[in-house]
Amino acid sequence: MCIRDRYQRRVRGVVSVAMADPLEKGFQTEVLLQRLRARDAREVEAFDELTRAYAHLLHSCNASNVNLAAQNKRVLDLQENNEAVTAELQRVQDQGGMVVDSAKISMLEGKISELQVERGDLYQQQSTQNSKLLEMNEQVDKAEEAMARYKEQIDALQAQCTTKDDEIAALKDTLDQVNSQSDNWQNQTKTLNGLLDALRTEHDELKNLHEDLVGRWVAKSEELSQQHNELNKMRQQLQQDRRAFDVLEEVRQGATGEGSVNIADVIDQNFMVPTALPTELKTRIKTHEKECNQVAFNNNTGSYFATSSADKNVKVWQVMGISEGGEHLCLSGHAQAALSVSFSPDDSLVLSGGADNSVRIWAAGTGRGKHVLAGHKDKVFNARSFPDCRNAVTGSHDRTVKYWDLGTGKCLQTILGASMINDVAVPPDGMHVVSGHYDGSIRFNDPRTKEELAKLEMHAGHVTSVCYTPCGTKLVTNSRDSSLKLIDIRMFGELCTMKDDGYRNTLSNSKAAVSPNGRYVAAGGHNGSVHIWDLHTSRYAKRLYDTTATTETIISCSWSPNGQDLAVSDRTGVVCVWSS
């Protein structure tokens, strides 16, 4: 019982350890406790049963021994009586002539017979008791063997208890280490929380400073933009005055007989940027791994052009100077394909429309994102800035034209049309907006009143692009019916239609481009060729084809401001720059 008490105390010790460490070793200690309890129950039950059997055997053995001693004493008494009677008979016989009472002799003989019978019974009982004693001794031996086995099991259990005690001690040490580490982590957490609070405070201060600087920078930028716009107006006015003077001088010379002068030719030559037809391939740049959806030169110098691609990126490339043909900026942000790209008139912003239904505004100098214009419910196929660089217009396949404030990124107005929109354009004076539609129509809207000015249905296929001539009085449209049309904005009437047997427009986002002097229009074909028409005569002027390249469809065209270079992009992500 003492062993069992010690075992139970150790079990209670395991329970206390399990209670002390419920978080780290609760599950393992509970399993161990259940196993020890089950084994204890089995061993104690067997041990109690063996003890009861052993006690019963001892009690029976003691009773048999007492009974056997009593029977042996009685046998001795009978033997003594028998010996006494025999001795008496012998004494009588030895006396000789003495007459003995026959009745007494018969009585004694009968008594002797009874004693002998009783002695035989006692011997038989003694034999029976001896047999039982032997059986009980065998049982005692078996019980002792069982006790020896149980003692070995108890010793083994004690060894296991010792091992478990060691494991529990090790677990306690581990728990102490974990608690120590937890305390260290808590201290470190407090320190980090303090540092985080300090960083948050510093972040708030920097954020406030940043907002203040941004506000001052925006105000300064607006001031500089106004000054720049005023300078441009003055410069343009001076150029126009100078050109008007030159025209009048040439007319005067013609009138005085110094030479025959065509007034229309003089006006075209002086009021327009001189443009020669491109003849040779200047450079060929792999701009994207996927198709290049649009290419657009910057408006002032023409030393850079931007590209948008199905790889979700917008890139700016340098085409003049030391790094000619090198990547200048990579503008990432669209979640799906970038479908269009354009510069603001002052070249300070880059606008891109995407298949993720958003328009992104970037700083052209640094590539930093300024605004994300969200509100369209379908792909945005083009975004254009107004001449004042303060507002923008976008067209989407959700059939809406939206007007935006570029300073705040907020939508100012939404106009719902009857058909999906493939392209939008703004004239140089910014007095109206034109949109080309999926149903082949062209719609004009007033950005001030947001009312529709006119709707023209001139194409049998989707209108894929709309672009103004530099004077702003004419519009060139391109369509999936493989024709281009020149439209007079003042009368909203068609001036001419341009076609060619080798020209086929197979894309809904194919973009044509008008040269800076308004003399030519270029459009990409399905077989990798570029087709150019003369807008003055509506005749086919030239075909450009890169014999070293694949015959992939040309998607977009863009003239440089100086009128000397023409950039075209194709479905392999290659941009070719043709020069005169």
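For every residue, the table says whether it meets (1) among the hydroxyl-bearing types (Ser, Thr, Tyr); (2) open to solvent by 10 Å² or more (accessible area, probe 1.4 Å); (3) part of a loop (DSSP other than H, G, I, E, B).
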position: 494; (1), (2), (3): no, yes, no
position: 522; (1), (2), (3): no, no, no
position: 536; (1), (2), (3): no, yes, yes
position: 566; (1), (2), (3): no, no, no
position: 569; (1), (2), (3): yes, no, no
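Restricting attention to the stretch 468-492, which residues are open to solvent by less than 20 Å² (accessible area, probe 1.4 Å) and within 44 Å of the chain's Cα centre (by Cα)?
Matches in the stretch 468-492: 477, 478, 479.
Mind checking which residues of the stretch 404-431 are in a strand (DSSP E or B) and open to solvent by 10 Å² or more (accessible area, probe 1.4 Å)?
Answer for the stretch 404-431, where residues must be in a strand (DSSP E or B) and open to solvent by 10 Å² or more (accessible area, probe 1.4 Å): 405, 411, 412, 413, 414, 415, 416.
Among the numbered conditions (1) of a type in the set (Ser, Thr, Tyr); (2) at pLDDT below 95; (3) open to solvent by less than 10 Å² (accessible area, probe 1.4 Å), tell me where residue 394 comes up short.
In the conditions (1) of a type in the set (Ser, Thr, Tyr); (2) at pLDDT below 95; (3) open to solvent by less than 10 Å² (accessible area, probe 1.4 Å), residue 394 misses (2) alone.
Any residue at all in the stretch 137-147 that's closer than 29 Å to residue 74 by Cα, of a type in the set (Asp, Glu), part of a helix (DSSP H, G or I) and open to solvent by 60 Å² or more (accessible area, probe 1.4 Å)?
yes
So in the stretch 437-459, with the set limited to residues that are touching a Phe, Trp or Tyr at 6+ places or on another chain (Cβ under 9 Å) and part of a loop (DSSP other than H, G, I, E, B), which one is surrounded by the most Cβ atoms within 10 Å (Cβ to Cβ)?
Of everything passing the filter in the stretch 437-459, 447 is surrounded by the most Cβ atoms within 10 Å (Cβ to Cβ).
When residues of the stretch 348-358 are filtered for being of a type outside the set (A, V, I, L, M, F, W, C) and either farther than 23 Å from residue 415 by Cβ or in a loop (DSSP other than H, G, I, E, B) (or both), how many remain?
Qualifying residue count for the region: 3.
For residue 374, are the conditions met, namely being more than 20 Å from residue 423 (Cα to Cα), open to solvent by 20 Å² or more (accessible area, probe 1.4 Å) and under 24 Å from the mean Cα position of the chain (by Cα)?
no
Of the conditions (1) under 29 Å from residue 60 (Cα atoms); (2) touching a residue at least 40 places away in the same chain (Cβ under 8 Å); (3) not basic (Lys, Arg), residue 158 fails just one. Which one is it?
Just one mismatch for residue 158, condition (1).
For the stretch 412-429, how many residues are of a type outside the set (S, T, N, Q) and free of Cβ contacts under 8 Å to residues at least 24 places away in the same chain?
3
This table checks each residue for (1) farther than 23 Å from residue 531 by Cβ; (2) modelled with pLDDT under 90; (3) among the small types (Gly, Ala, Ser).
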| position | (1), (2), (3) |
| --- | --- |
| 457 | yes, no, no |
| 460 | no, no, yes |
| 466 | no, no, no |
| 476 | no, no, no |
| 481 | no, no, no |
| 488 | no, no, no |
| 492 | yes, yes, no |
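Here is a list: 333, 365, 369. Which entry is under 24 Å from the mean Cα position of the chain (by Cα) and open to solvent by 50 Å² or more (accessible area, probe 1.4 Å)?
Only one candidate passes the filter, namely 369.
Residues of the stretch 359-387 being in a loop (DSSP other than H, G, I, E, B) and closer than 20 Å to residue 435 by Cβ, which ones?
Residues satisfying the conditions are 375, 376, 377, 378, 379, 386, 387.
I'd like the full set of residues that are of a type outside the set (A, V, I, L, M, F, W, C) and surrounded by 13 or more Cβ atoms within 10 Å (Cβ to Cβ), limited to the stretch 156-172.
Correct list: 158, 160, 164, 165, 167, 172.
Answer yes or no as to whether residue 401 is β-branched (Val, Ile, Thr) and in contact with a Phe, Trp or Tyr (Cβ under 7 Å, 6 or more places away or on another chain).
Judged against the criteria, residue 401 is not a match.
Which of the residues that make up the stretch 357-414 are of a type in the set (A, V, I, L, M) and within 16 Å of residue 334 (Cβ to Cβ)?
359, 361, 372, 373, 374, 380, 383
Given the residues 580, 529, 515, 482, which is the only one that is out of contact with any helix residue (DSSP H, G or I) (no Cβ under 7 Å at 6 or more places or on another chain), in contact (Cβ under 8 Å) with a residue 24 or more places away in the chain and closer than 28 Å to residue 337 by Cβ?
Among 580, 529, 515, 482, only 529 is out of contact with any helix residue (DSSP H, G or I) (no Cβ under 7 Å at 6 or more places or on another chain), in contact (Cβ under 8 Å) with a residue 24 or more places away in the chain and closer than 28 Å to residue 337 by Cβ.
Out of the residues in the stretch 322-348 that are hydroxyl-bearing (Ser, Thr, Tyr) and farther than 22 Å from residue 390 by Cα, which is modelled with the highest pLDDT?
The selected residue is 332.
The values are calculated or read from the model by the stated rules, or taken from the named source; none is laboratory data. These numbers come from a predicted model, not from an experiment. Ideal geometry is used to build each Cβ from the backbone, glycine not excepted, and the neighbour counts take in all protein chains shown. Surface accessibility is based on the protein's heavy atoms, side chains included, excluding ligands, DNA and RNA. Shrake-Rupley method; radii C 1.70, N 1.55, O 1.52, S 1.80 Å.
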